[in-house]
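Okay, structure first, notes after.
The values are calculated or read from the model by the stated rules, or taken from the named source; none is laboratory data. Model, not experiment: these values are computed from the prediction. Neighbour counts are summed over all protein chains in view; Cβ atoms, including those assigned to glycine, are modelled from backbone coordinates with ideal geometry. Only protein heavy atoms, including side chains, enter the accessible area calculation; ligands, DNA and RNA are left aside. Shrake-Rupley method; radii C 1.70, N 1.55, O 1.52, S 1.80 Å.
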Amino acid sequence: MSKRIGILTSGGDCPGLNAIIRAAMKCASQKGWEVYGIPYGTEGFLRLENGKCHSEDLELKENGYDMPGFLHGIDILQFLSGSILGSLSKGNPGDPEIARTIIKGYGDLKLDALIAVGGDGSLDIIYDLAQQGNWNIVAIPKTIDNDVPFTERSIGFDTAVDKVTSALYDLTFTAASHDRTMIVEVMGRNAGHLALSSGIAGGADIILIPELIPKIEPNLITDICIHIAKLRSLGRKFALIVIAEGIKNDTGERQKNIADYLSQQIDRVSHELCLTNKPEFCDLDKIETRATVLGHIQRSGMPSSYDRLLAATFAKKAVDLIAAEKYNQLVVWQNGEVQIQPLDKVVSHIKQRHQLGICPSPVDTNGFLVQTARSLGIYLGFKSF
Ligand code: F6P
């Protein structure tokens with residue numbers, strides 16, 4: 001049966017969104033369905049005129065994004081970062097009147113179903129709207145933070161890990177040339193997945209994630225300096241520290257530029273340790289620290305092949321679910337394959353965690369990645385953890 005489906009991307013962008021849009025478009029076109037792009041997440045439903053979005057571009061076609069001239073025929077979409085549909089990370093519509101207009105927009109567009117691509121925050125909001133409006137939705141997880149529950153992978157994470165790993169590679173050589181300690185601040189909101197994975201892959205000496213180190217206490221700085229002193233005594237005169245942005249300062253508050261904060265603390269404490277005149281610390285006065293905040297670079301770049309593959313499989317599953325009229329599902333990656341999880345279960349878990357102010361899917365502190373980091377001699381925080 002022919003269908004008219006919508007697709008939207010919501011929340012912070014990440015590499016791989018266009019790959020999802022392209023794959024969904026292709027899978028749906030094979031079935032003879034119409035695919036309609038909703039601009040700026042659910043906000044697009046507020047911008048309809050006579051039951052249509054302004055731009056004809058949003059009536060997505062299988063070959064609608066060809067390159068000009070002799071490059072005609074190149075299917076570029078899957079390689080492009082960002083979202084051709086735009087995205088919004090503004091949060092809940094709040095005002096019930098606005099929510100009603102959004103809900104009505106779905107009906108005005110005469111959609112049979114909607115593919116919603118979002119992270120934990122947007123899935124929560126979209127699911128509520130879908131419930132109120134009786135929308136037929138299927139969701140796909142995306143975020144460089146990899147903190148959507150019940151999926152081992154979200155679109156965008158793999159590319160972000162590559163980005164950070166490549167930055168660590170670049171920083172290694174300048175660090176080594178000047179015997180410096182490089183502190184690299186990595187995104188992830190309240191989760192440490194990106195810091196942990198890229199820190200291991202990028203050869204970090206120290207990885208600090210909020211699941212193990214919620215805040216930077218004075219003892220931690222001393223431990224870090226001792227670890228650096230040990231590395232220096234073994235001949236590694238430089239060090240790479242990866243710190244997740246979700247770590248709080250010593251008073252437990254979120255600190256803008258936590259890498260810089262840590263850098264200042266290390267400078268101070270290493271100098272104090274040196275003044276103790278203990279031979280193992282006498283070299284510490286020579287350490288120089290530099291902080292790098294990678295920022296939104298982590299949200300861009302050509303999506304990795306793994307993210308593109310994941311995007312293709314997730315989109316196919318979403319289209320299959322719509323064909324089977326099995327709605328209110330989140331497409332997930334579990335045990336090496338694409339599976340589904342009921343959205344009510346996923347969203348109630350997210351809501352519960354958000355109410356407690358904690359990450360919906362944090363790093364497993366006893367998991368194999370944490371164990372691997374420790375086995376490699378990477379310092380993850382106090383010994384007691
Ligand atoms: O959730 C993705 C993310 O990139 C986080 O890692 C980061 O904390 C946040 O979004 C940044 O948000 P914004 O783009 O609104 O500054």
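Take the residues in region 117-138 that are outside any helix (DSSP H, G or I) and either away from the ligand (no atom under 16 Å from the Cβ) or hydroxyl-bearing (S, T, Y) (or both); name whichever of them is farthest from the chain's Cα centre (by Cα). Can you show your working first?
Of all residues in region 117-138, those outside any helix (DSSP H, G or I) come to 117-119, 134-138.
Restricting the remaining residues to those that are either away from the ligand (no atom under 16 Å from the Cβ) or hydroxyl-bearing (S, T, Y) (or both) gives 134-138.
Working: N134: 29, W135: 26, N136: 26, I137: 22, V138: 20 Å.
Residue satisfying both the conditions and the ranking: N134.
Checking each residue in region 285-339 for being within 16 Å of the ligand (Cβ to nearest atom), under 30 Å from V269 (Cα atoms) and in contact with an Asp or Glu (Cβ under 6 Å, 6 or more places away or on another chain) picks out only V293. Residues that are within 16 Å of the ligand (Cβ to nearest atom) and either touching a residue at least 12 places away in the same chain (Cβ under 8 Å) or over 22 Å from I126 (Cα atoms) (or both): does region 24-34 have at least one? No, region 24-34 contains no residue that is within 16 Å of the ligand (Cβ to nearest atom) and either touching a residue at least 12 places away in the same chain (Cβ under 8 Å) or over 22 Å from I126 (Cα atoms) (or both). Every condition in (1) within 16 Å of the ligand (Cβ to nearest atom); (2) closer than 30 Å to C282 by Cβ; (3) in a helix (DSSP H, G or I); (4) among the aliphatic types (A, V, I, L, M) is met by A195 except one, and the failing one is (2).
Could we say that R268 is basic (K, R) and within 16 Å of the ligand (Cβ to nearest atom) here? Answer is no for this residue.
The condition (being open to solvent by less than 30 Å² (accessible area, probe 1.4 Å), under 28 Å from P149 (Cα atoms) and not hydrophobic (A, V, I, L, M, F, W, C)) is satisfied by just one residue among S198, S166: S198.
Going through region 81-138 one residue at a time, which ones are of a type in the set (K, R) and touching a residue at least 60 places away in the same chain (Cβ under 8 Å)? Once the filter is applied, which keeps residues that are of a type in the set (K, R) and touching a residue at least 60 places away in the same chain (Cβ under 8 Å), region 81-138 yields only K110. I need the full set of residues from region 273-287 which are surrounded by fewer than 15 Cβ atoms within 10 Å (Cβ to Cβ) and not hydroxyl-bearing (S, T, Y), in order please. Passing the criteria: L275, N277, K278, P279, E280, C282, D285, K286.
If you filter region 151-192 down to residues that are assigned to a strand (DSSP E or B) and not β-branched (V, I, T), you find that the one that is nearest to the ligand (Cβ to nearest atom) is E185. The conditions of being in a loop (DSSP other than H, G, I, E, B) and open to solvent by less than 10 Å² (accessible area, probe 1.4 Å) are met by V148. Is it true that some residue in region 198-213 is among the hydroxyl-bearing types (S, T, Y), in a helix (DSSP H, G or I) and touching a residue at least 12 places away in the same chain (Cβ under 8 Å)? Yes, there is a match, as at least one residue in region 198-213 is among the hydroxyl-bearing types (S, T, Y), in a helix (DSSP H, G or I) and touching a residue at least 12 places away in the same chain (Cβ under 8 Å).
Condition first: away from the ligand (no atom under 14 Å from the Cβ), closer than 30 Å to T159 by Cβ and touching a residue at least 40 places away in the same chain (Cβ under 8 Å). Can you find one or more residues in region 245-255 that meet it?
Here is the first cut: in region 245-255, the residues away from the ligand (no atom under 14 Å from the Cβ) are 249-253.
If we keep only those that are closer than 30 Å to T159 by Cβ too, we end up with 249.
Then drop every residue that is not touching a residue at least 40 places away in the same chain (Cβ under 8 Å), which leaves none.
Within region 245-255, none of the residues are away from the ligand (no atom under 14 Å from the Cβ), closer than 30 Å to T159 by Cβ and touching a residue at least 40 places away in the same chain (Cβ under 8 Å).
Residues that are more than 16 Å from the ligand (Cβ to nearest atom), polar (S, T, N, Q) and in a helix (DSSP H, G or I): does region 87-108 have at least one? There is at least one residue in region 87-108 that is more than 16 Å from the ligand (Cβ to nearest atom), polar (S, T, N, Q) and in a helix (DSSP H, G or I).
Within region 231-254, being in a strand (DSSP E or B) and either at pLDDT 95 or above or buried (at least 23 other Cβ atoms within 10 Å of the Cβ) (or both) holds for A239, L240, I241, V242, I243, A244, K248.
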